[in-house]
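Asks: Can you keep this structure in mind? I'll have questions shortly.
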Amino acid sequence: MSQGSPRPTIVTTDDPRRLSPIESSIMDWCNLAHAARKRGDAEALEDIATELKSLIRRYDETDGDGHMNPAWARPNQRALMLSALGRIGEAIDVEIIAAKYADTPRRQEVSFGNIADRLVRLGRAEEAVEWFLKAWDAAPMSVPVMMTGARAFFDAGRIKDADAVFEALLGMEDLLGPGTDLYVYLRHDGSLLDMAPELPSLDALYRRLAAIGNEAEGE
């Protein structure tokens with residue numbers, strides 16, 4: 001069994017209204033699994049795993065709970081479960097199956113981005129870069145995809161390429177407002193602070209964020 005990094009990855013969606021009832025439950029239980037892993041609660045994780053496996057069975061039996069593309073959705077949801085339980089290598093293998101059936105840019109963004117993120121967590125940065133580029137091609141304005149790509153480039157020692165990702169974000173003023181994905185990442189993702197000393201464009205983003213905060217306090 002391939003074990004991933006202990007760093008949890010909270011499961012989110014850009015629009016909860018798109019989720020079926022079973023998908024919503026899978027997302028909630030996956031987040032409970034990530035939290036249990038983070039605090040090292042093996043007993044709770046075992047109980048959560050039992051519930052998740054039951055939900056995945058129901059999802060399979062209902063052919064994706066009425067999903068328009070169950071060939072993509074079923075392995076995608078199973079990969080979410082495996083990732084939440086720390087079985088990152090297996091999650092990648094299953095998500096690659098889902099990616100074969102990703103028939104829209106959004107589904108490509110999700111599957112390619114998930115694969116890239118999980119490869120980063122396993123320390124397979126060069127492979128992560130390849131999947132990031134596919135995800136970025138599908139969703140060139142996706143901040144989560146760009147964050148994953150920057151991390152992959154950085155971990156692969158491609159510092160200039162990592163900085164170029166943040167340089168592109170510098171030109172997108174509207175992405176830095178309060179409540180946006182980029183704002184949340186800069187405020188709450190501590191791993192970005194580790195990269196900032198080596199990435200001038202990321203440092204500039206933090207300076208711009210601080211300036212926005214100062215302006216807000218002055219109003």
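Asks: Quick one: would you say L45 is over 19 Å from A98 (Cβ atoms) and either surrounded by 19 or more Cβ atoms within 10 Å (Cβ to Cβ) or among the charged types (D, E, K, R) (or both)?
Replies: Judged against the criteria, L45 is a match.
Asks: Please identify the pairs in which a residue from segment 166-192 that is within 19 Å of R151 (Cβ to Cβ) has its Cβ atom under 8 Å from the Cβ atom of a residue that is assigned to a helix (DSSP H, G or I) and of a type in the set (S, T, N, Q), counting only partners at least 6 apart or on another chain.
Replies: So the pair list comes out as F166/S201; E167/S201; L169/S201; L170/S201.
Asks: Every residue in segment 133-148 that is within 9 Å of E109 (Cα to Cα) and modelled with pLDDT of 95 or more, please.
Replies: K134, A135, W136, D137, A138, A139, V145
Asks: Considering only residues that are at pLDDT 90 or above and assigned to a loop (DSSP other than H, G, I, E, B), which ones fall in segment 169-188?
Replies: Of everything in segment 169-188, nothing turns out to be at pLDDT 90 or above and assigned to a loop (DSSP other than H, G, I, E, B).
Asks: Any idea which residue in segment 13-72 is farthest from E95 (Cα to Cα), counting only those that are of a type in the set (D, E, K, R) and part of a loop (DSSP other than H, G, I, E, B)?
Replies: Taking segment 13-72 first, the residues of a type in the set (D, E, K, R) are 14-15, 17-18, 23, 28, 37-39, 41, 43, 46-47, 51, 53, 57-58, 60-61, 63, 65.
The next check asks that each one be part of a loop (DSSP other than H, G, I, E, B); those that pass are 14-15, 41, 63, 65.
On the way: D14: 19, D15: 21, D41: 26, D63: 17, D65: 18 Å.
Residue satisfying both the conditions and the ranking: D41.
The values are calculated or read from the model by the stated rules, or taken from the named source; none is laboratory data. Since we're looking at a predicted model, the values are computed, not measured. Methodologically, a virtual Cβ is constructed for each residue, glycine included, from the backbone with ideal geometry; neighbour enumeration extends over all protein chains shown.
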